[in-house]
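Novice: What follows is a single structure, and I will ask about it in a moment.
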Amino acid sequence: MEIDMLNIAQSQSFTPIQLSPTAPIGSCSVVAAVDQNKIIDQGSYSFEKQAFWEHVYVYQSLFQALFQADLEIILSTRSGYKDTDGLLKRVIQYGQDQSIKIKLSVIEDNEENQYYKGLQFTIRTVINGTIINIGDGGFVDWPAQLLGNKKERMLISAIGLDRLLPIG
């Protein structure tokens, strides 16, 4: 069964807020993707599985085409879902069932990070021998809060193209 989702992807240049004087960042560019379910929850994490792997596919295709580079996706669970371990297992299993070829690893939870809900992922690549944590993503509860419907789901992710500058 295919899920009806709203997909948005965009590349944008912006001037980020400088959070630390020890890590100044000037103008940079990001590629971002957003998926939101447009229908009520169908169970078994249907939206989460499909949306997660669609985001991975976008970044995997981009880095293969531009740099002939593979990606590693580093997963960790977050609070905010009733069964985060079940979510993680089903997302991984879905990728295996779809024969998606990508390196996945799971790291220990960071319960202090409450930005993402249920699952957070880091996107890592190696270009010209340099390991780069190029971006991240995860599920957020923004639509659930805005619409007052706890079954609303959204997955966001982005890569910072400025992180490619040091590898020249």
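Novice: State all residues of the stretch 123-163 that are open to solvent by 30 Å² or more (accessible area, probe 1.4 Å), without any contact (Cβ under 8 Å) to a residue 60 or more places away in the chain, closer than 30 Å to A69 by Cβ and not in a loop (DSSP other than H, G, I, E, B); if no residue qualifies, say none.
Specialist: Result: R124, V126, T130, I131, N133, D136, R163.
Novice: Name every residue in the stretch 126-155 that is under 15 Å from L87 (Cα atoms) and among the aromatic types (F, W, Y), in order of residue number.
Specialist: Selection gives F139 alone.
Novice: Mind telling me which of the residues I134, I73 ends up being in contact with a Leu (Cβ under 6 Å, 6 or more places away or on another chain) and not basic (K, R)?
Specialist: I73 is the lone residue from the list that is in contact with a Leu (Cβ under 6 Å, 6 or more places away or on another chain) and not basic (K, R).
Novice: I'd like the residue in the stretch 108-122 that is among the polar types (S, T, N, Q) and touching a Lys or Arg at 6+ places or on another chain (Cβ under 7 Å) and, out of all such residues, is least open to solvent (accessible area, probe 1.4 Å).
Specialist: Q120
Novice: Now for a separate question. Going by the conditions given, is G168 closer than 26 Å to L62 by Cα, open to solvent by 30 Å² or more (accessible area, probe 1.4 Å) and modelled with pLDDT under 90?
Specialist: yes
Novice: Something else: If a residue has to be out of contact with any helix residue (DSSP H, G or I) (no Cβ under 9 Å at 6 or more places or on another chain) and assigned to a loop (DSSP other than H, G, I, E, B) to count, how many in the stretch 102-116 make the cut?
Specialist: So the answer is 9.
Novice: So, one more: Of all the strands (runs of 3 or more DSSP E) wholly in the stretch 1-99, which have at least 1 residues that are in contact with a strand residue (DSSP E or B) (Cβ under 9 Å, 6 or more places away or on another chain) and modelled with pLDDT under 55?
Specialist: Per the criteria, 5-14, 28-37.
Novice: Right, here's the next one. Can you go through N149, N110, N128 and tell me which one is among the polar types (S, T, N, Q) and either under 14 Å from the mean Cα position of the chain (by Cα) or at pLDDT below 85 (or both)?
Specialist: None of the other options fit; the residue is N110.
The values are calculated or read from the model by the stated rules, or taken from the named source; none is laboratory data. Being a predicted model, the structure only gives us computed values, none of them experimental. FYI the Cβ positions are ideal-geometry reconstructions off the backbone, even for glycines, and counts take in every protein chain you see. Note: accessible area is taken over every heavy atom of the protein model, side chains too, but ligands, DNA and RNA are not part of it. Shrake-Rupley method; radii C 1.70, N 1.55, O 1.52, S 1.80 Å.
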